[in-house]
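To start, the structure itself, in structure tokens.
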Amino acid sequence: MSATPNTSSTHATPGYDTAAVQAWIKAHVPGLTPPLHWTRLEGGHSNLTYLLQDAHGRKAVIRRPPMGELLPKAHDMGREWAIISALGPTSVPVPQALGFCEDPSVTGAHFYVMGFVDGAPLYVTADVQRLLPLQRRERFAHSFIDVLADLHSIDPDQVGLGELGKKDGYIERQLKTWYRSWNASIEDARMDDPRAHALQQYFLEHLPEQGPARVVHGDYGTHNCLVGPDGAIAAVVDWEISTLGDPLADLAYALNQWTEPGDTVPFRSDAPTTLPGFPPRQALIDRYAQRTGRNLAQLDYYVGFNRWKSAAIGHGVYARYLAGKKSSDGVDLPELRQRVLNFLALAEQAVARLEG
């Protein structure tokens with residue numbers, strides 16, 4: 001698992017009592033021999049993630065939640081541990097599960113240790129230019145969609161993940177949750193839009209019938225897929241918001257992030273998939289359909305739902321900035337506001353295609 005190192009030290013490790021953790025690792029993680037060298041890794045939803053290198057040069061990665069008070073279900077290390085443990089024997093590539101500590105007295109929070117993966121995420125075009133030569137970009141795209149298709153083909157009951165979440169009503173629950181968020185943010189954001197309300201009602205009234213529940217990653221994109229030296233995905237990471245739900249919602253989320261060069265409203269600026277060599281979204285859709293056999297006639301419903309959800313999430317973030325609950329230093333607030341409106345427009349476009 002590769003990332004840009006931030007700090008590199010045996011002592012300056014915020015969130016970790018290194019002596020206590022190394023003692024725990026010595027007792028519970030065979031194959032790692034302290035003392036360990038710690039290197040901070042960026043990314044990962046603000047979780048405190050470090051590369052560990054032991055006395056013999058062997059590598060692993062340790063991960064714990066950020067410090068401070070957290071929401072009850074936020075940054076659930078036990079959930080991530082359960083998922084990578086269960087998926088390890090399957091065709092979905094994940095880091096090897098090495099050890100989980102559920103005793104917060106060791107370092108103030110649950111943490112787990114996983115195997116090091118020789119790979120790195122793609123956040124921006126510079127990552128692609130550095131890690132993925134032109135001739136390997138199609139291979140990466142095929143691996144990207146094949147891994148997601150394989151994940152959605154696994155029966156969670158068969159791998160011990162049948163209790164990961166509720167199996168029914170995935171979209172309906174999210175529509176209600178994020179609509180509450182939108183309404184609760186209106187005053188602080190000083191912003192409302194009738195499309196947010198009309199779209200929520202439309203999606204509720206046109207809910208597709210959900211098929212068998214599958215593990216949904218919840219944030220599947222190039223930023224959470226580590227590309228290996230051969231161009232294929234070496235591991236999928238950051239499973240903390242994964243649950244059971246409708247796999248087509250997971251697919252649509254991934255497709256929305258797969259920005260094409262001609263997109264007038266990219267999902268994010270400097271998106272990696274805008275460079276030459278990456279196939280278009282339709283090629284990924286066709287490959288997923290062939291690999292899974294799923295009927296994708298209603299895919300635009302899920303595309304529109306995810307655009308609407310992105311608008312609601314952005315609206316809440318924007319509200320917290322304006323209310324002073326988050327520092328807005330260096331944040332382009334007008335651009336953030338416009339992105340909320342853009343997502344609503346894209347949701348409307350998806351519904352128009354669906355109805356057309």
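Legend: calculated FRET efficiency, R268 to H37, from the Cβ-Cβ distance at R0 = 30 Å, rounded to 0.05, equals 0.35.
For a protection proxy built on the mean count of beta-carbon atoms within 10 angstrom, sort 198-205, 301-308 highest first, please. Could you put the intermediate results ahead of the total?
Numbers: 198-205: 16.6, 301-308: 25.5.
Packing order, densest peptide first, comes out as 301-308, 198-205.
With a Cα cut-off of under 21 Å and a minimum spacing of 8 residues unless on different chains, the lysine pairs in region 125-355 number 6. Within the listed set S327, S310, S153, the residue fluctuating most in the Gaussian network model of the chain (springs between alpha-carbon atoms under 10 angstrom) is S327. Between amide H atoms placed 1.01 Å from N, distances below 5 Å from L48 occur with R64, all of them 5 or more places distant or on a separate chain. Given their separation in residues at 0.36 nm each and the Cα-Cα distance between them, D103 and Q298 gain 65.6 nm when the chain is fully extended.
In summary, the lysines within cross-link reach of K26, defined as a Cα separation below 28 angstrom excluding same-chain residues under 8 places away, comprise K59. Membrane-span-like helices in the chain (whole DSSP H runs, Cα extent of at least 18 Å along the helix axis, mean Kyte-Doolittle hydropathy of at least 0.0): 333-355.
Which order do the peptides 114-125, 180-191 come out in when sorted by mean C-beta neighbours inside 10 angstrom, highest first? Write down the numbers at each step before the final one.
Details: 114-125: 19.6, 180-191: 16.2.
Packing proxy ranking, top to bottom: 114-125, 180-191.
Here the contact order of the chain, divided by its residue count and restricted to Cα pairs under 8 Å and six or more residues apart, works out to 17 percent.
For the pair I313 and D192 in one chain, pulling the backbone fully straight at 0.36 nm per residue adds 42.2 nm over the alpha carbon distance.
No lab work stands behind these numbers, since they all come straight from the coordinates. Just so it is clear, the model here is predicted, and its values are computed rather than measured. Virtual Cβ from ideal backbone geometry, glycine too; neighbours counted across all protein chains shown.
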